[in-house]
Amino acid sequence: MADETKPKKGGILGVFKDIVYGMSSHEMTRYAVRSRASMEHLFILITMGDLLGVPILPPYYSLRLLPYVTPQISAWKRRMLRERDITDVLG
Amino acid sequence: MSLRTVFESQPDRRYIMFGGKGGLGKTTLSATCAFWLASQGKRVLLFSVDPQASLSDIFQQDIFGKGPVPIMRNLWAQEVDADRRIRDYQEEIRKKILDMYGFDRVPEEIDNYIAAASAEPAMEESAIFDAVVDIVVQGDYDYYMYDLVPLGHALYYLSMAKVYDEWINKITRLREEMRQYDQVAATMRREKTMEEDKILGELLYIKERINASSQILTDRRRTAFFFVLVPEEMIILDTRKAAELFSKFDVPISGYVVNRVLPPDLGKGQIPEYLRNRIAMQQKYMRDIEASFGAQILAHVPEMERDITGLGMIERLAKRLFEEVSAR
Ligand SMILES: Nc1ncnc2c1ncn2[C@@H]1O[C@H](COP(=O)(O)OP(=O)(O)OP(=O)(O)O)[C@@H](O)[C@H]1O
Ligand SMILES: [Mg+2]
């Protein structure tokens with residue numbers, strides 16, 4: 001009880017420590033890498049969303065980021081298409 | 001208060017905007033104030049993002065897409081060529097991709113993306129937004145006068161600043177979180193150094209610029225927004241509505257300027273019937289304006305005998321506005 005009311009310290013790193021408590025360091029690394037990868041996915045979706053015909057952000061600024069995500073774009077687009085195929089099949 | 005006392009008593013308000021419906025005299029008044037401030041020894045940049053190139057008209061000089069062009073002592077005017085800016089920018093992005101990855105051509109998918117993004121109307125809007133940021137953040141003028149496009153656009157621009165502001169703050173936060181995960185992974189792997197996150201660097205740069213620009217627009221200490229109106233029924237109604245909307249966006253409205261006022265004395269002379277009627281109508285609307293905006297009216301600008309173009313004409317109007325006792 002007393003523990004729950006205590007404010008969580010350390011932001012995301014604090015949360016992270018709670019989750020990974022008890023994991024082997026190998027598992028922890030994998031967890032971090034995986035979380036990071038799904039965030040990358042989200043990040044590209046937000047910044048480059050108009051690739052899918054959804055203009056989410058001011059294009060002038062998303063172009064500015066384009067060079068840095070160029071290698072990810074192809075892989076990302078394939079993944080988006082794949083996920084869409086799956087939902088199409090399910091729906 | 002008069003326009004002059006606003007400028008003299010609030011010297012920190014260095015970002016000046018005249019808003020109002022199309023064709024009411026925003027450019028004319030911006031140029032006239034810019035002229036007067038410059039003649040008082042202030043360094044003034046009057047700039048426009050309107051592809052209609054109205055500053056070139058009023059100064060009778062082609063300044064479109066040429067950067068800040070000196071007009072007279074202490075006064076510069078600038079018209080941004082948004083199309084060219086977008087083209088140059090696309091080239092810059094392509095070149096950056098080639099350099100970063102040692103490609104000899106930009107991958108087709110990426111090139112298509114650049115082309116598609118640039119064809120959107122939002123591209124022009126955001127490019128213009130960025131051009132304005134460019135101009136106002138450099139900070140080496142005493143006054144920045146925005147020659148705005150009509151009201152709707154001005155409001156759109158202001159709301160864009162708000163939206164961009166929120167957007168960039170969120171994205172930057174997300175990126176910073178991603179960075180923390182990298183940090184964890186790197187620590188686990190016992191890696192000492194982590195490659196710097198270039199994207200985060202870019203985002204922070206964009207964030208700083210957008211934040212700076214949107215802060216300026218709503219900063220009561222630094223910004224003055226004047227409404228231009230004329231004594232006509234619809235315009236008075238529209239101005240009232242617009243003023244309400246603008247205050248919702250926290251735009252610091254400094255007062256109203258009534259343009260194109262016919263000299264009341266004119267009514268006494270031998271004049272055609274229709275003109276006499278117009279003067280009578282105007283007098284009625286002037287009373288409406290007085291009732292609506294009262295003490296917030298800063299100037300009555302007389303209807304001049306011809307269009308205001310060229311420095312001579314601007315100077316005459318500036319004298320009427322700032323030197324002679326204003327009409328009220
Ligand atoms: N007081 C005045 N006396 C005579 N002509 C005027 C006066 N004020 C403005 N004009 C003329 O009216 C026309 C429109 O003015 P101006 O270009 O300043 O309006 P604007 O609000 O900037 O228009 P836009 O919305 O198209 O940018 C111009 O030809 C200008 O010279
Ligand atoms: Mg204009």
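The values are calculated or read from the model by the stated rules, or taken from the named source; none is laboratory data. All values derive from a computational prediction rather than experimental measurement. Neighbour counts are summed over all protein chains in view; Cβ atoms, including those assigned to glycine, are modelled from backbone coordinates with ideal geometry. These area figures cover heavy atoms from the full protein model, side chains too; ligands, DNA and RNA do not enter into them. Shrake-Rupley method; radii C 1.70, N 1.55, O 1.52, S 1.80 Å.
Of the residues examined, B:TYR274 is one that is free of Cβ contacts under 8 Å to residues at least 60 places away in the same chain, exposed (fewer than 14 other Cβ atoms within 10 Å of the Cβ), away from ligand 2 (no atom under 16 Å from the Cβ) and not in a strand (DSSP E or B). The residues in region B:156-188 that are at pLDDT below 80, among the basic types (Lys, Arg) and surrounded by fewer than 14 Cβ atoms within 10 Å (Cβ to Cβ) can be counted, and the count is 0. If the condition is being more than 9 Å from ligand 1 (Cβ to nearest atom) and out of contact with any strand residue (DSSP E or B) (no Cβ under 9 Å at 6 or more places or on another chain), then region B:1-35 contributes B:GLU8, B:SER9, B:PRO11, B:ASP12.
For region B:298-318, the set of residues classified as more than 16 Å from ligand 2 (Cβ to nearest atom), closer than 22 Å to B:SER9 by Cβ and touching a helix residue (DSSP H, G or I) at 6+ places or on another chain (Cβ under 7 Å) consists of B:LEU298, B:ALA299, B:ALA318, listed by residue number. B:GLY67 passes every criterion in (1) modelled with pLDDT under 95; (2) in a loop (DSSP other than H, G, I, E, B); (3) within 13 Å of ligand 1 (Cβ to nearest atom); (4) not basic (Lys, Arg) apart from (3). Note on region B:220-236: among residues that are free of Cβ contacts under 8 Å to residues at least 60 places away in the same chain and open to solvent by 20 Å² or more (accessible area, probe 1.4 Å), the one that is nearest to the other protein chains (Cβ to nearest Cβ) is B:ARG220.
Do we find a residue being in a strand (DSSP E or B) and within 16 Å of ligand 1 (Cβ to nearest atom) anywhere in region B:122-145? Walk me through it before giving the result.
Initial filter on region B:122-145 (in a strand (DSSP E or B)): B:143-145.
In the following step, the residues that additionally are within 16 Å of ligand 1 (Cβ to nearest atom) were identified as B:145.
Yes, the conditions are met somewhere in region B:122-145.
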